[in-house]
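Q: Provided herewith is a single structure, encoded as structure tokens, for subsequent inquiry.
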Amino acid sequence: MTILKDIILQLFFAHMPFVMFSVYYRDQSRNYTQKFIAFSSMICLFLSMTFGASVVSGYFYDIRYTIMFFGLIFGGIQTGFALLAEFLLYRLYIGGDGTLAAMLIMLVTFPGSYLLYRLYRKCEQKSLILLIAGVFFSVTPLLFVYLENPESVIRHLSFHLFVIPMQNLVGCWLLITLFRKAATDKELFISYGQNERVRAISHVAASLVHEVRNPLTAVKGFLTLIRDGAADRGRIERYIEICMSEIARTEYILSEYLAISKPIGDKQEPTDLEELLRITKDVMSPYANMHNVLLEIGHPPEPVWILANPDKMKQVLVNFIKNAVEACAEVPHSRGKVTLRLQVEARKVTLTIQDNGVGMTEEQAKRLGSIYFSTKSTGTGLGMTFSYQAILSFGGTINVQSEPGGGTRFTISLPIYARNEEAKERDE
Ligand code: ADP
Ligand code: MG
């Protein structure tokens, strides 16, 4: 019974890197780092060795080889050596009759793990390599212990022949397969997220063409008038003024559009939400116009600082506005309206995005933010996933009120960055 408990405990440790990855990287749109692998596998090794199973005093059986193999696969050779060092020090500290055997076994299993790791990277049949690794990690210690102390192996034959191989095989499979699956899912999510950005941007670009064409038509008209010589000097100057301002506006919109479509970094910095709203309005207005939707944005006249990644925050605003415009466009024969309000409260800033579009059922509203949830025939359901994750990573919250046919209201709360107060204190 105790043995069974020990095994379950070891298999529980085999889940640890996977669980830590799922918790720590849940709200992040990036994949694991080498540091993360080193950290999680070192904790895992420590716990596994501390609570190892033992039937002969001084000999401990845990999933150390499996953890090292995991460290090598995902963290590379440096992580492998860090784990080896941890093992050597900790095993010497624990001591007991089996210390020498443990060191000798490691002398064989570590280079063996390295070879298997090279094979694992190259080979397509990863499950086969895991099976070979599981068998190798079970047979090698058994052989050494048998050579050193055959009687102990024969006395606990079922433990050595069944329990240890099972612990290693299942441990290997759990630790490496589960983690690989989680990492691949994350990778897919990141690449889908990037494609979604390209998709959103290309939609907005189509409407932008109209926005650029209008001023060009105006400029062409005025130039024709000037060329025909129908106007006096004063008028010509006024025409040129108008042309200049139209061109300046086109230039501004194009440059803001380029700023929105540039790749997104990870850095968070003090960001002026009021300025972002202004920029997003300029970029999204043509899209709203094209769908016959009125876009209104109300915000305080002074900057509103939050700690966020400005590129991500811009993309979040684009996603919310785009959905709101699309929801309005789905309601036939009505003038759609999307209103954004930015309000500053004591410690937080609240942004509401309200539309009079199709709305959502309670069930749909609950599923918002979960990956691939979309009610549109060509939708991806990634815009809201990205936005929810980004807002959470800035320490914010999102609330949604919606009714089918009654429009939708999103309320986003974000902590205010204290820069305003610092600046005020400095001014006083
Ligand atoms: P997509 O727009 O590609 O469908 P999103 O993640 O942007 O993906 O949105 C997911 C779903 O959430 C949409 O398909 C829609 O059903 C719903 N949704 C989001 N915003 C609104 C809104 N303002 N009004 C109504 N439904 C919305
Ligand atoms: Mg969308």
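The values are calculated or read from the model by the stated rules, or taken from the named source; none is laboratory data. Remember, predicted model here, so these are calculated numbers, not experimental data. Cβ placement follows ideal geometry from the backbone for every residue including glycine, while neighbour counts extend to all protein chains displayed. These accessible areas exclude ligands, DNA and RNA; they are computed on the full protein's heavy atoms, side chains included. Shrake-Rupley method; radii C 1.70, N 1.55, O 1.52, S 1.80 Å.
Q: Apply the Karplus curve 6.51 cos²θ - 1.76 cosθ + 1.60, θ = phi - 60°, to the phi angles in region 33-41 and return the couplings in whole Hz, x for Gly and Pro.
A: Listing the rounded values in order: 10, 5, 4, 4, 5, 4, 4, 5, 6 Hz.
Q: Right, next: Once amide H atoms are built 1.01 Å from N in the peptide plane, which residues 5 or more positions from Y59, or in another chain, come under 5 Å H to H?
A: The list, which skips near neighbours in sequence, is G98.
Q: Read phi for every residue in region 66-76 and hand back ³J(HN,Hα) as whole Hz from Karplus 6.51 cos²θ - 1.76 cosθ + 1.60, θ = phi - 60°, with x for Gly and Pro.
A: Ordered by residue, 3J(HN,Hα) equals 4, 5, 5, 4, 4, x, 5, 5, 9, x, x Hz.
Q: In addition: Among all lysine pairs in region 225-351 that are eight or more places apart or on different chains, how many have alpha carbons less than 20 angstrom apart?
A: Lysine pairs meeting the criterion: 15.
Q: What percent of all Cα-Cα pairs in the chain falls into each 20 Å bin, going from 0 up to the bin containing the maximum distance?
A: P(r) for the chain, in whole percents per bin: 21, 35, 27, 13, 3, 0.
Q: Any chance you could list the semi-axes, whole Å, largest first, of the equivalent ellipsoid that the Cα gyration tensor gives for region 187-257, using √(5λ)?
A: Ellipsoid semi-axes (Å, largest first): 40, 10, 5.
Q: Right, another one. Which order do the peptides 325-332, 104-111, 152-159 take when ranked by the mean count of other beta-carbon atoms within 10 Å per residue, highest first?
A: Values: 325-332: 18.2, 104-111: 16.1, 152-159: 13.9.
Ranked by mean Cβ neighbours within 10 Å, highest first: 325-332, 104-111, 152-159.
Q: Next question. Order the peptides 230-240, 213-223, 35-45, 135-145 from the highest to the lowest mean number of other Cβ atoms within 10 Å of their residues.
A: Numbers: 230-240: 11.8, 213-223: 14.0, 35-45: 20.5, 135-145: 18.9.
Listed from highest to lowest mean packing, they are 35-45, 135-145, 213-223, 230-240.
Q: In addition: What relative contact order, as a whole-number percentage, does the chain give when Cα pairs under 8 Å and 6 or more residues apart are counted? Write out the running numbers ahead of the final one.
A: Numbers: 579 pairs, mean separation 51.8, N = 428.
Rounded, it is 12 percent for the chain.
Q: Could you work out how far apart the two model spin labels at L131 and S370 are, taking each label as a point 7 Å from the Cα in the direction of the beta carbon, and quote it in nm?
A: 3.6
Q: Go through 181-194, 164-177 and give me the packing order, highest mean Cβ count within 10 Å leading.
A: In decreasing order of mean packing, 181-194, 164-177 become 164-177, 181-194.
Q: Quick check: residue separation of Q34 and T411 times 0.36 nm, minus the Cα distance between them. What number comes out in nm?
A: Extra length available between Q34 and T411 comes to 132.0 nm.
Q: Follow-up. With each pseudo-label sitting 7 Å past Cα toward Cβ, what's the I43-R278 distance in nm, one decimal?
A: 4.5
Q: Now for a separate question. V349's amide H: which non-local residues (gap 5+, or another chain) put their own amide H closer than 5 Å, with H modeled 1.01 Å from N in plane and none for Pro or chain starts?
A: Here L414, I416 satisfy the definition.
Q: For region 66-199, take every pair of Cα atoms, bin their distances at 10 Å starting from 0, and report each bin as a whole percent.
A: Pairs per bin, as whole percents: 11, 35, 31, 14, 5, 3, 1.
Q: With a probe of 1.4 Å, find how much accessible area the chain has per residue, and write the answer as a whole number in Å².
A: Spelled out: the 1.4 Å probe surface of the chain, per residue, equals 52 Å².
Q: Under 5 Å between amide H atoms, partner at least 5 residues away or on a different chain: which partners does L294 have, H built in plane at 1.01 Å?
A: Distant-sequence amide H within range of L294: G336, K337, V338.
Q: Short version: ³J(HN,Hα) in whole Hz for each residue of region 114-126, in order, from phi by Karplus 6.51 cos²θ - 1.76 cosθ + 1.60 (θ = phi - 60°), x for Gly and Pro, what are they?
A: 4, 5, 5, 5, 4, 5, 4, 5, 8, 7, 7, 7, 5
Q: Which length gain, in nm to one decimal place, applies between R341 and L143 when the Cα-Cα distance is subtracted from 0.36 nm times their residue separation? Spell out each step's value before the answer.
A: Numbers: separation 198, 0.36 × 198 = 71.28 nm, distance 7.19 nm.
That pair, R341 and L143, stretches by 64.1 nm at full extension.
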